[in-house]
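Here's the structure we're looking at; comments come further down.
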Amino acid sequence: MNRKKLLYLFVFLSGFIFSNSPFADNDLLNVDEAFIFNAEVKKNKIIASWEIKPGYYLYKKSISIQNSNNIIKYNFISKNELRVFDEFFGESVIFKDYLSIVAEIVDNEFSEFNDIKVAYQGCAEGRYCYPKMIKSL
């Protein structure tokens, strides 16, 4: 077997063996338990919030709101923002405990509130980063 095939075999097997290891720890929450997400659309506003369990955090740069292919700007209402050196993404701004944002649509920016998606990503401190989550409203 040549070196290239051995390398691919090693990478595949190590990924297979360790792919579920973060979840072997019974106290690791699933993503919907770690970041309890709520959102509602009221008139011309989108209000979204996350209850972030202790030992978990959301990345500021990962949060976005879209309507079809348009990015919707939002403001923070309530946040516990920290600047940290994250082992996964380097220097990062994160949120702990609770986060609330509001997006206001003005001047007929969009014709309708359809196909609204909120994206976010977070981690269990020092253990595991969840894939980016996208929730449809």
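Inside segment 41-137, counting only strands (runs of 3 or more DSSP E) that do not spill past its ends, which hold 1 or more residues that are more than 17 Å from L29 (Cβ to Cβ) and free of Cβ contacts under 8 Å to residues at least 24 places away in the same chain?
70-72, 75-86, 90-104, 133-136
Just checking, does segment 14-26 include any residue being modelled with pLDDT of 95 or more, touching a Leu at 6+ places or on another chain (Cβ under 9 Å) and surrounded by fewer than 16 Cβ atoms within 10 Å (Cβ to Cβ)?
no
For I36, indicate whether it is surrounded by fewer than 16 Cβ atoms within 10 Å (Cβ to Cβ), in contact with an Asp or Glu (Cβ under 7 Å, 6 or more places away or on another chain) and within 16 Å of L137 (Cα to Cα).
yes
The values are calculated or read from the model by the stated rules, or taken from the named source; none is laboratory data. None of the values given here were measured: they were computed from a predicted structure. Glycine gets a Cβ as well: all are built from the backbone with ideal geometry, and neighbour counts include every protein chain shown.
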